[in-house]
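See below for the structure under consideration.
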Amino acid sequence: MRHFLTLKDFTKEEILEIIDIAVDIKKDLKAGVYKKQLENQTLAMIFEKSSTRTRVSFETGMFQLGGHALFLSNRDIHLGRGEPIADTAKVISSMCDMVMIRTFEHSMIEEFAANSRVPVINGLTDSYHPVQLLADYLTMLEYGINEKAVIAYVGDGNNMTNSWMFLAAKMGFSLRIATPKGYEVDGTILEEALKMAKESGAKITVMNDPKEAIKNATIVTTDTWASMGQEDEKEERIKAFKGFMVDSLQMCLARKTAKFLHCLPAYRGQEVSAELMELHSDIIFDEAENRLHAQKGLMVWLDRQRKK
Ligand code: CP
Ligand code: NVA
């Protein structure tokens, strides 16, 4: 049985297998075909943070695959009142077929998975957001962007950046990360990613100059400057990230055909200009929709692994 906690635990071939299933499922859906590949299965979704896309895509996806999804907010279940993670994992996994968790510390999800009898999916932790990267990768492929891509990530060294590093390391992309001083990526995660990159031929570089990162890039991407849980730091971050807003002027440095991705929610006038969001809205909202298809692919893949 496999869990989906970070992309670092997956091989390039496995990531491609998940994407292949997602592509088929998307094709079927567009043709009005609903294959009940997870009939009678239940996905428990534990949310300790807010969500629009993750909740809607997992819940809808599970329904379309013939199963059911349970929304469990930590305000409603005993986990939020101090019931141990291990006990919660044992109980939920004795009744459900898969669990998706959005939480703060990554160690919470690891502890849950260690005590779960069913696959656990990371729906975002403070450290990683791997399901988002499956959708991002699917979107890149749909727009004809392959392993030769040069990706520029401009902004906070956060859960999205960490997941981009592992996607790049596994698939062999070039990834340039520009963060303000003091907001760099986690050094341990960077080292791990660099080690993996050596095997795949990926090139990961970190810098503090957004222009240097964007120059000749195929994809430019960013994320909020203040992630969930960092609301109190918002004002000081807005000051620290001056010069890091991705706008049309900065995009001019990228290749002519370069695309802009954003995992959303976007804060126009902070990490991205309203104009750039508008210019690239097609790909950005395809990226959001692909959360549904990519995660359906992931759930079907995890179910197949479990039955092997
Ligand atoms: N991108 C993303 O995960 O969105 P939500 O926070 O709305 O789920
Ligand atoms: N880095 C952001 C991603 C939101 C999808 C956060 O953790 O809030």
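Numerical summary
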| read-out | value |
| --- | --- |
| Cα centroid of the stretch 87-128 to Cα centroid of the stretch 50-67, whole Å | 17 Å |
| Cα point-scatterer Debye curve for the stretch 1-115, base-10 log of I(q)/I(0) at q = 0.13 Å⁻¹ | -0.57 |
| Compactness relative to 2.2 N^0.38 Å, alpha carbon Rg of the stretch 185-308 | 1.26 |
| Reachable lysines, given that their alpha-carbon falls under 18 Å from the alpha-carbon of LYS30 and they are not under 8 places away in the same chain | LYS296 |
| Relative contact order (%) - criterion: Cα under 8 Å, at least six apart; region: the stretch 143-284 | 25 percent |
| Greater than 28 Å apart at Cα, pairs in LYS170/LYS242; LYS49/LYS234; LYS170/LYS259; LYS49/LYS308 | LYS170/LYS242; LYS49/LYS308 |
| For the stretch 1-67: relative contact order, % (alpha-carbon pairs under 8 angstrom, 6 or more apart) | 39 percent |
| The chain, relative contact order [Cα under 8 Å, separation at least 6], % | 21 percent |
| Straight-distance crosslink candidates among aspartates and glutamates, where the alpha carbon sits under 18 Å from LYS203 and sequence neighbours closer than 8 are dropped | GLU147, GLU184, ASP186, GLU191, GLU192, GLU212 |
| Kyte-Doolittle mean at least -1.0 and Cα axial length at least 24 Å: DSSP H helices in the chain | 12-30, 281-307 |
| Cα centroid of the stretch 190-205 to Cα centroid of the stretch 11-32, whole Å | 26 Å |
| Fewest-first sequence of ARG304, ARG176 by Cβ atoms within 10 Å of each Cβ | ARG304, ARG176 |
| Of GLU278, GLU192, GLU17, the one that fluctuates the most in a GNM where the chain has Cα springs shorter than 10 Å | GLU278 |
| Angstrom value of the Kirkwood radius, inverse mean 1/r, which spans all Cα pairs in the chain | 19.7 Å |
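We did not get these values from a lab; they are worked out from the coordinates using the rules stated. None of these values were measured; they are calculated from a predicted model. Glycine gets a Cβ as well: all are built from the backbone with ideal geometry, and neighbour counts include every protein chain shown.
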